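The values are calculated or read from the model by the stated rules, or taken from the named source; none is laboratory data. If you're wondering where the values come from, they're calculated on a predicted model, not measured in any experiment. All Cβ positions, glycine included, derive from the backbone under ideal geometry; neighbour counts span all protein chains shown.
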Protein chains: 2
Amino acid sequence: MQVVKTAHALSQALATQDAIAFVPTMGNLHAGHIQLVELAKTKNACVVVSIFVNPLQFGANEDLSNYPRTLDADLEKLKAAGADIVFTPSEQEMYPDFDASTHNTHQSITINLPSVANELCGAARPGHFSGMATVVLKLFNLVFFNGAKTRVAIFGKKDFQQLFIIRDMVKQLNLPIEIIAGDTRREADGLAMSSRNGYLTSAQKLEAPRLYRALGLLVDAVKQGRTDFPALETQTTQFLTQLGWVVDYISIRSAETLLPATNADLKLVVLGAARQGTTRLIDNIEFTLKPN
Amino acid sequence: MQVVKTAHALSQALATQDAIAFVPTMGNLHAGHIQLVELAKTKNACVVVSIFVNPLQFGANEDLSNYPRTLDADLEKLKAAGADIVFTPSEQEMYPDFDASTHNTHQSITINLPSVANELCGAARPGHFSGMATVVLKLFNLVFFNGAKTRVAIFGKKDFQQLFIIRDMVKQLNLPIEIIAGDTRREADGLAMSSRNGYLTSAQKLEAPRLYRALGLLVDAVKQGRTDFPALETQTTQFLTQLGWVVDYISIRSAETLLPATNADLKLVVLGAARQGTTRLIDNIEFTLKPN
């Protein structure tokens, strides 16, 4: 496994690769990430993993400085999983005008996204998805634009809205990259694995799986024929709020457009974001209704 | 010479090319365009020319519908110049959700540019440079993202601000594409060649070279030591206005940052945009001062 820190070294390492499978991450890797790397391994390609905590996608009051950075442990896990190349750029490498004291990236050319980027997680995190999309486009250009003819990028379904936006960007910007979605890896109690789970106290961690279970009850209700989606969303929000959660949103959406679900939609997704203390957890469940 | 209309056919035509030199155009080709194609021919590469009048970079009150479309003549000129592949996509091909009745592209993922895109030509044409950058990025992805290892794109210096923005985008988005600038081709009287010259009446065409000559006088004044740039700009604006021009801007800028020039700048550019009747002409002159 080769670890490269610069765009130039990455370009050299990839110059002879005809097939690349890429897993972008922010590090602090858990079994969910490793599952994505294992998925990449099935593609008969050079498996490239990036580790970069992207300042451009963190808001001013978010956890950029505290975001867990565990590079040595991450590299061990990636080696064990069979990654071929790990790209660990500095902030200055990704953003040449980066200002370390203010965390200002000075990235003035960014991706402007459709309004769906301002809903759900985007409502609570203004600019988050634009910053995410911008760094993903930069990483795609660095990883795939070296002459490879097979280009696969892998994203987890846990970040459903992120996955949706990436797929849309790839289509709208004519990027010849196949996007593959990896299933959400869960703890035995159902909690979706996330780097931010490490912020939870042990009491919060006991309560945390409730978000997934509440979404599951919502799915059951819709599958059983309930079509009063706003009422169902409010009900789930109230349920979680009574148990001490601070709910950002609970939403039933079309899995194809990410617009609020209508009775005509068959491919659906329920999504939720809620806080335990200061820790914001997200989860979602995709499901399909049978046509009447 | 192969003419392809779809992204898929383009991808197939380019799949075996190791080196590509690309000249994006909006058609209605004149000797200035052909000079760019000849420059591309010197690169020992497959020369790809695109012809696409991009709705996304035209404002609501601009000349999209009237923009001259002369495909047959263009193809003849390109064949004579030795182009290898000409890409002539439809609006639907570039923008799958294109609405022909409203010219709405429904391209909801676009390039967000720094504030320099709102100055000079951008002040009179809101959204123009974002639309231009977006389609250029899409074309780059379609043309260069097929596995080629040598990637050159050629733009004319007549559209100095456009060239500046493209260079900035390539750098900020980590696109491994070499941008080469082609000199402005001029008529014998100095008028910069442009598709929009075809809109001029014969009387306007006689007056049109005055813009270039006025910029030349401005350059002379700065070279002779004048440092009162705003006064010089106003003087040139008044001079042209008295002769019946409607001046959008006359501006002395750093050629490196495109910010208003200061006395410390040595690499400069004077740029102007002014109308003869309803026809908007632009021109510029780059020059270098000797250090004191």
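If you go through region B:135-159 and keep only what is among the aliphatic types (A, V, I, L, M), over 21 Å from B:Arg196 (Cβ atoms) and touching a strand residue (DSSP E or B) at 6+ places or on another chain (Cβ under 7 Å), you end up with B:Leu137, B:Leu139, B:Val143, B:Ala148, B:Val152, B:Ala153. Just to be sure before I move on: is A:Glu62 more than 30 Å from B:His106 (Cα to Cα) and either in the same structural domain as A:Thr42 (by TED's automatic domain parsing) or of a type in the set (Ser, Thr, Tyr) (or both) in the structure I sent? Judged against the criteria, A:Glu62 is a match. The one condition from (1) surrounded by fewer than 14 Cβ atoms within 10 Å (Cβ to Cβ); (2) of a type in the set (S, T, N, Q); (3) touching a residue at least 12 places away in the same chain (Cβ under 8 Å) that A:Gln242 does not meet is (3).
Residue by residue through region B:105-127, note down the ones that are more than 23 Å from A:His106 (Cα to Cα), touching a residue at least 40 places away in the same chain (Cβ under 8 Å) and facing chain A (nearest Cβ under 7 Å).
At the first step, the residues of region B:105-127 found to be more than 23 Å from A:His106 (Cα to Cα) are B:105-108, B:121, B:124-125.
Those left that are additionally touching a residue at least 40 places away in the same chain (Cβ under 8 Å): B:105, B:107, B:121, B:124-125.
Across region B:105-127, the qualifying residue is only B:Gln107.
Against the list (1) touching a helix residue (DSSP H, G or I) at 6+ places or on another chain (Cβ under 6 Å); (2) more than 14 Å from B:Gly27 (Cβ to Cβ), the condition B:Ala83 fails is (2). Pairs meeting the criteria (first residue in region B:164-175 and among the hydrophobic types (A, V, I, L, M, F, W, C), second residue at pLDDT below 95 and outside any helix (DSSP H, G or I), beta carbons under 7 Å, at least 6 apart or on different chains) are B:Leu175/A:Phe145.
Against the list (1) within 14 Å of chain B (Cβ to nearest Cβ); (2) on the phi > 0 side of the Ramachandran plot, the condition A:Asp168 fails is (2). For region A:221-229, the count of residues that are among the polar types (S, T, N, Q), buried (at least 17 other Cβ atoms within 10 Å of the Cβ) and either touching a Phe, Trp or Tyr at 6+ places or on another chain (Cβ under 8 Å) or touching a residue at least 24 places away in the same chain (Cβ under 8 Å) (or both) is zero. Taken over region B:248-264, residues that are buried (at least 19 other Cβ atoms within 10 Å of the Cβ) and out of contact with any Gly (no Cβ under 6 Å at 6 or more places or on another chain) amount to 7. Can you work out which of the residues in region B:141-165 that are closer than 17 Å to B:Phe87 by Cβ and more than 9 Å from chain A (Cβ to nearest Cβ) is surrounded by the most Cβ atoms within 10 Å (Cβ to Cβ)? Restricting to residues being closer than 17 Å to B:Phe87 by Cβ and more than 9 Å from chain A (Cβ to nearest Cβ), the top hit is B:Val143.
All conditions but one from (1) within 22 Å of the chain's Cα centre (by Cα); (2) among the aliphatic types (A, V, I, L, M); (3) within 14 Å of chain A (Cβ to nearest Cβ) apply to B:Leu39; the one that does not is (3). Number of residues in region B:8-20 that are crowded, with 17+ Cβ neighbours inside 10 Å and not in a strand (DSSP E or B): the value is 5. Of everything listed in (1) within 25 Å of B:Ser108 (Cβ to Cβ); (2) within 12 Å of chain A (Cβ to nearest Cβ), the single unmet condition for B:Leu14 is (1). From the residues in region A:62-103 that are without any contact (Cβ under 8 Å) to a residue 40 or more places away in the chain and in contact with a Pro (Cβ under 9 Å, 6 or more places away or on another chain), which one is farthest from A:Gly277 (Cα to Cα)? Ranking the qualifying residues of region A:62-103, first place goes to A:Glu91. For region B:174-195, the set of residues classified as under 17 Å from the mean Cα position of the chain (by Cα), loosely packed, with under 15 Cβ neighbours inside 10 Å and away from chain A (no Cβ under 14 Å) consists of B:Asp183 only.
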